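*Asks:* Below is a structure I'd like to ask you about.
The values are calculated or read from the model by the stated rules, or taken from the named source; none is laboratory data. Because the structure is predicted, anything quoted here is derived from the model rather than measured. We place every Cβ from the backbone using ideal geometry, glycine too, and count neighbours over all the protein chains shown.
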Amino acid sequence: MAIIEWLLLLFLIVCAISVSITKSLLNSVIIFMSYSLVMAVIWVLLRSPDLAITEAAVGAGVTSVLFFLALRKVGQLEHKKDEEEKE
Amino acid sequence: MNDELKSIWLKFFNWVMGNGPRPENEVLPPEPPPDLPFTQKPHDKFSRFHEATLKERYNQWLEIHGLHIFSILYSALSILTCLVIVVLLLATVAELPPFGHERNPANNEVIRRYVEHGWHETGAQNIVAGLILDYRAFDTFGESSVLFTAAVSVLMILGNSRSSKKYKFKQLHVYRNDDTILRGVAVMAIPVILMMGCVVVINGHLSAGGGFAGGAILSTALILCANAYGFESVRRFFNERIFIVSSSTALMIYALSKGYSFFTGANQLHSIIPKGVVGNILSAGLILPLNICVGLIVAGTLYGFYALFSEGDI
C-alpha cells in the first residue's frame, strides 16, 4: 500500500510541474484534471472521503469544465483546427 | 518704380529660398497626420520664432520618458508592497505558538467533545457533517451566502437578457446539435449522475459527502445536459427565476431554522426538532434539510456560472 501511495505522490509532483511547463493550454487543463483525480484517490487513502468526493466533483469536474469554457472564449480551442485547415 | 523693385526682390528672394512657382505635375510628399502625438510638423521644429511653452515641453518630456518612469515606479511600488506583505506574514508566523506543543489553543477540549459526544448531540453518523452543519453551521451558511452573492453579482454584470447583446453572445456559439456520441453518452450518464448527486446530498449525515459535494455533482449533470441538448432544454426546468427563487428560499430556510436551533440551544430551551435514531435517513435533526438547502444553492450557482459565462444568460 505504501508503494502505491508513493507512486501517487510522485505522479502528483510530475503533474504539478508539467502543468506549468506544457505549452498547449488544452493539455495543461487536462493534466490539471488528472492531478485532481489522483488527489481524490489520495484523500481516500488519507481516510477523508468527504474531501475526496468534493475534490472529484469540483476539482476534476466543474473547475475543468470552466477552464475549457475559458479556453473556448479566448479562442485557444480553435487554434489547432485552423492549423489543420492550413495544412 | 518702388513696386517693380519690390516684385523683383520678391522673385529673387523666392529663387534663393527655392520657393519658385511649382510645376503642375509635382508630387508633394504626404503631410503627416495631425493627430499622432509623436509626429511634429516640420516648421515647429525648425522655426526660430516658435518657443515651446513650459507645458508643451513638459508634455514632450512626458511622451519620451513617461513610460520609462512609470515602469520604474510600478516595479518599485510592487516590490515595496510585496515586502510589506512578506514582513506582515512573517511577523504573524513568528507570533504563532510552537508546533505540536501541548498547551496550544488547538489542543483544547473541543475535539474530544466532538468525537465523544458528537453522535448523541447531533445525531449524525457522519461526524464531519455533524461538525459543519450543526456545531459550525453558521460557517457553512456564510459559504453558501458567499456563493449565492457571487452568482447574483455575475448575473447582474453579465446577464442582460433583454438587450441585443444576448444575440451577439449566441452567435459566438454554434452548438453541434447533431453530436450523436455526446447525446448517446448523455442519455446514459445524466440519470446516473443526478441519482448519485441526490444520494450524496440526502445521505450527507450518514456517509461521506454532503450538500456541497452533492450540489457540485448535480451541477455537472446540468452542464452535461446543456452541452448535449442546448441551453434551451435546461431552461425548461431551470431558468433565472427558478434559480433566484430556489436559492434565496434555501438561504432563508437555512438562516431561520439554524437561528432557531442556536437560539434554543444557547438559552437552554426545549427544541421542537427531533433528533431521531442515529443511522436512519430521517434523523440528525436539522442536518438533512440543511444539506438539501446547501445542495440546491451549490447546484444552481455552479450551473449558473457555466451558463452565464458561456451564453450570458441562465
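*Asks:* Write out, first by first residue and then by second, each pair whose Cβ atoms fall under 7 Å of each other, whose residues are 6+ apart or on separate chains, and whose first residue, in segment B:268-283, is of a type in the set (A, V, I, L, M, F, W, C) while the second is assigned to a loop (DSSP other than H, G, I, E, B).
*Replies:* So the pair list comes out as B:ILE273/B:GLY285; B:ILE273/B:LEU286; B:VAL277/B:SER283; B:VAL278/B:GLY123; B:VAL278/B:GLN125; B:LEU282/B:GLY276.
*Asks:* Condition (residue is within 14 Å of another protein chain (Cβ to nearest Cβ) and at pLDDT 90 or above) applied to segment A:8-29: is it met by at least one residue?
*Replies:* Looking for residues that are within 14 Å of another protein chain (Cβ to nearest Cβ) and at pLDDT 90 or above, one finds none in segment A:8-29, hence no.
*Asks:* Looking only at helices (runs of 4 or more DSSP H) that fall completely inside segment B:219-314, which ones have 1 or more residues that are closer than 22 Å to B:THR140 by Cβ and more than 14 Å from chain A (Cβ to nearest Cβ)? If you could, list the steps in order and put the result at the bottom.
*Replies:* Details: elements: B:231-235, B:240-266, B:287-311.
Filter on segment B:219-314 gives B:240-266, B:287-311.
*Asks:* Taking segment A:14-48, which residues are touching a Ser or Thr at 6+ places or on another chain (Cβ under 6 Å) and surrounded by fewer than 16 Cβ atoms within 10 Å (Cβ to Cβ)?
*Replies:* A:THR22
*Asks:* Mind listing whichever residues of segment B:197-217 are facing chain A (nearest Cβ under 9 Å) and modelled with pLDDT of 85 or more?
*Replies:* Across segment B:197-217, the qualifying residues are B:GLY197, B:VAL200, B:PHE212, B:ALA213, B:GLY214, B:GLY215, B:ALA216, B:ILE217.
*Asks:* Another one. Among the helices (runs of 4 or more DSSP H) contained in segment B:82-158, which hold 1 or more residues that are more than 14 Å from chain A (Cβ to nearest Cβ) and within 30 Å of B:SER257 (Cβ to Cβ)?
*Replies:* Working: elements: B:109-122, B:127-130, B:137-158.
So the answer is B:109-122, B:137-158.
*Asks:* A follow-up question, please. Touching a Cys at 6+ places or on another chain (Cβ under 8 Å), over 23 Å from B:ALA226 (Cα atoms) and either in the same structural domain as B:ALA226 (by TED's automatic domain parsing) or touching a residue at least 40 places away in the same chain (Cβ under 8 Å) (or both), is that true of B:TYR260? Write out each step before concluding.
*Replies:* Numbers: touching a Cys at 6+ places or on another chain (Cβ under 8 Å): no; over 23 Å from B:ALA226 (Cα atoms): yes; either in the same structural domain as B:ALA226 (by TED's automatic domain parsing) or touching a residue at least 40 places away in the same chain (Cβ under 8 Å) (or both): yes.
No.
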